[in-house]
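Peer 1: First the structure, then my questions, so here it is.
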Amino acid sequence: MAKSYDVIVIGAGPGGMTAALYASRANLSVLMLDRGIYGGQMNNTAEVENYPGFKSILGPELGEKMYASATQFGAEYGYGTVNSIELQGEMKLVHTDEGDFEARSIIIATGSEHKKIGIPGEDEFGGRGVSYCAVCDGAFFKNKEVVVIGGGDSAIEEGLYLTQLASKVTVIHRRDELRAQKILQDRAFANDKMDFIWNAQVTTIEGDDKKVTGVTYIDKATGETKEVAASGVFIYVGIEPMTSAFGDLGILTDAGWIKTDDHMATSVPGIYAIGDVREKDLRQITTAVGDGGIAGQEVFKYLQSILLALAAV
Ligand code: FAD
Ligand code: NAP
């Protein structure tokens, strides 16, 4: 028999932890499942300075604080990768690699993961100079030169973090202007250790038999092929939704994000989606937390409506 809960929250990032807080505080039994440690993408973030209440806080530290809040009213935390959700009338059976669990309502908070750029050398030098996480791997490149590929918030924010460790950080961007927030751009342009190569498409990550030695790129203005020497290559070319477990439910957009209404409800009664995994404009900790609060309250209303309907029969 699968263990039964009022609500199963899939994903323990800022969105999922907030949903678990709200639902458990409403006296619902809650299981929060994650395939790894709680905290989600915050674990890959050095400093967060746009979460109200803290001038600046380390991402993992904010995760710890959110986890303490999320579990204070009895929400359980369980380890497991969710592979699918099976609809059984009103009940939903959640299949994980650690066993099955069931609930009347589900909140999907699985977020997103980094995209690969898809060039030669990327897989070959994974863990040997190619990284997607400056916080995790930056220390390997102390006083060495590194390249960051991308022009969004992640590339610039994590590139700035790397300037504290590396001797030089070269950002290679495919256009001539950054997508990142203005405040990050200003800091990057003012940083002596940061250099930019514009209008450049990286074509290969180069290396010897042991590790990365640099990248080759095409200068789009001239068509020339050029090289930059580097010991590390950090790739930040965007994110994609973590929704492979939910493809059968008919709740995904063509691009793979989960479509919801303003109440975070999907087209399947009792299934909600929040945070980065949702089709939305602004993917931030604050917006994931906001979504989580709404969904935590909505599942309470949904479960009340089921009880009232049963009582009326
Ligand atoms: P996530 O934080 O992505 O958490 C999702 C969780 O779901 C993960 O723990 C994952 O393990 C789990 N999961 C996924 N699939 C499954 C499955 N099948 N089964 C079980 N568990 C699963 N935002 C800011 O506001 N400020 C910042 O400074 C900032 N810096 C950032 C820096 C970087 C490098 C990146 C990549 C993002 C940054 N962001 C920042 C964005 C912010 O981290 C995200 O918007 C936020 O974490 C989204 O929260 P979430 O709860 O939706 O998902
Ligand atoms: P993003 O905003 O999608 O930016 C991706 C960058 O990579 C863009 O500059 C894009 O170029 C470039 N790119 C995409 N495909 C490429 C390719 N094949 N080759 C070379 N370059 C490529 O992704 P992100 O920066 O990871 O941010 C993801 C989300 O997290 C965003 O919502 C962001 O706001 C949020 N976030 C927030 C913070 C913060 O608030 N401090 C920090 C980090 C992330 P173009 O510009 O030409 O499209």
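Peer 1: Quick check for me: using +1 on Lys/Arg Cβ and -1 on Asp/Glu Cβ, what's the dipole size of region 142-263 about its Cα centre, in debye to the nearest 20? Show your work: numbers first, answer last.
Peer 2: On the way: 14 positive and 20 negative charges, 83 e Å.
For region 142-263, the charge dipole is close to 400 debye.
Peer 1: Residues with amide H under 5 Å of V233's amide H, sequence separation 5 or more or different chain, H placed in the peptide plane at 1.01 Å from N; which?
Peer 2: Result for V233 returns V130, S131, V147.
Peer 1: With r as the distance between the Cβ atoms of T225 and F189 and R0 = 30 Å, compute the FRET efficiency 1/(1 + (r/R0)^6) and round to 0.05.
Peer 2: It comes out at approximately 0.65.
Peer 1: D261 to D100: FRET efficiency via 1/(1 + (r/R0)^6), r the Cβ-Cβ distance, R0 41 Å, to the nearest 0.05? Each step should come with its number before you reach the end.
Peer 2: Values: r = 29 Å, r/R0 = 0.70.
It comes to 0.90.
Peer 1: Related question: Sort 51-58, 143-150, 63-70 by the packing proxy (mean of other Cβ within 10 Å over each peptide's residues), most packed first.
Peer 2: On the way: 51-58: 12.0, 143-150: 22.4, 63-70: 18.6.
Order by mean packing, descending: 143-150, 63-70, 51-58.
Peer 1: Using only alpha carbon pairs under 8 Å that are at least six residues apart, calculate the relative contact order of region 160-210 and give it in whole percent.
Peer 2: 48 percent
Peer 1: Next question. What's the Cα-based Rg to Rh of region 60-212, Rh via Kirkwood?
Peer 2: 1.10
Peer 1: For the chain, what is the percent of antiparallel DSSP beta bridges, rounded to the nearest 5?
Peer 2: Bridges in the chain are about 45 percent antiparallel.
Peer 1: How big, in percent, is the set of alpha carbon pairs in region 180-310 lying more than 24 Å apart?
Peer 2: Pairs farther apart than 24 Å: 56 percent.
Peer 1: I've got another one for you. Towards the positive end of the charge dipole of the chain, with charges on Cβ (+1 Lys, Arg; -1 Asp, Glu), say which of H263, G247, V237 has the farthest Cα.
Peer 2: The residue sitting farthest along the positive end of the dipole is H263.
Peer 1: Using a Förster radius of 22 Å, what is the FRET efficiency between A139 and I37 based on their Cβ-Cβ separation? Nearest 0.05, please.
Peer 2: E between A139 and I37, to the nearest 0.05, is 0.70.
Peer 1: Between A309 and R128, what is the label-to-label distance in nm when each label sits 7 Å out along the Cα-to-Cβ direction?
Peer 2: Roughly 5.7 nm, to one decimal.
Peer 1: Using Cα pairs under 8 angstrom and six or more residues apart, how large is the relative contact order of region 97-168, in percent?
Peer 2: Relative contact order, region 97-168: 29 percent.
Peer 1: For the chain, what's the relative contact order in percent, using C-alpha pairs closer than 8 Å and at least 6 residues apart?
Peer 2: Relative contact order of the chain: 20 percent.
Peer 1: Moving on. Under the rule of at least 5 residues apart or a separate chain, name every residue whose amide H is placed under 5 Å from the amide H of V48.
Peer 2: I57, L58, G59
Peer 1: Ok, one more. If you take the square roots of the eigenvalues of the alpha-carbon gyration tensor of region 1-144 and sort them as a ≥ b ≥ c, do you get rounded (a/c under 1.5), prolate (a/b over b/c) or oblate?
Peer 2: It comes out oblate by the Cα gyration axes.
Peer 1: Quick check for you: which residues of region 270-313 have the amide N under 15 Å from the point 7 Å beyond the Cα of A2 toward its beta carbon?
Peer 2: Inside the label zone: 270-272.
Peer 1: Right, next: How many nm separate the modelled label positions at D176 and S244, each set 7 Å beyond the Cα in the direction of the Cβ?
Peer 2: 4.0 nm
Peer 1: In Å², what does the accessible area per residue of the chain work out to with a 1.4 Å probe?
Peer 2: Values: 15130 Å² over 313 residues.
Ligands and nucleic acids excluded, the result is 48 Å² per residue.
Peer 1: Just the number, please: Stokes-Einstein D of the chain in µm²/s, Kirkwood Rh from C-alpha pairs, 25 °C, 0.890 mPa s. Intermediate values should be presented prior to the final figure.
Peer 2: Details: Rh = 20.9 Å.
Rounded, D is 118 µm²/s.
Peer 1: Which listed residue (A134, I108, Y161) has the Cα farthest towards the positive end of the charge dipole for region 64-170, taking +1 on Lys and Arg C-beta and -1 on Asp and Glu C-beta about the Cα centre?
Peer 2: Y161
Peer 1: Obtain the nm distance between the two label points defined at K168 and K211 by a simple spin-label model: each point lies 7 Å from its Cα along the Cα-to-C-beta direction.
Peer 2: 1.8 nm
Peer 1: Oh, and also: Leaving out ligands, DNA and RNA, what percent of the accessible area of region 18-146 is carbon and sulfur, probe 1.4 Å?
Peer 2: Roughly 48 percent of what the probe reaches on region 18-146 is carbon or sulfur.
Peer 1: Can you bin region 163-216 into rounded, prolate or oblate? Criterion: square roots of the alpha carbon gyration tensor eigenvalues sorted a ≥ b ≥ c, rounded for a/c under 1.5, prolate for a/b above b/c, oblate for the rest.
Peer 2: oblate
The values are calculated or read from the model by the stated rules, or taken from the named source; none is laboratory data. As the structure is a computational prediction, the values presented were derived from the model and not from experiment. Positions of Cβ are generated from backbone atoms using ideal geometry, with glycine treated the same way; all protein chains shown enter the neighbour counts. Heavy atoms of the whole protein, side chains included, go into the accessibility calculation; ligands, DNA and RNA do not. Shrake-Rupley method; radii C 1.70, N 1.55, O 1.52, S 1.80 Å.
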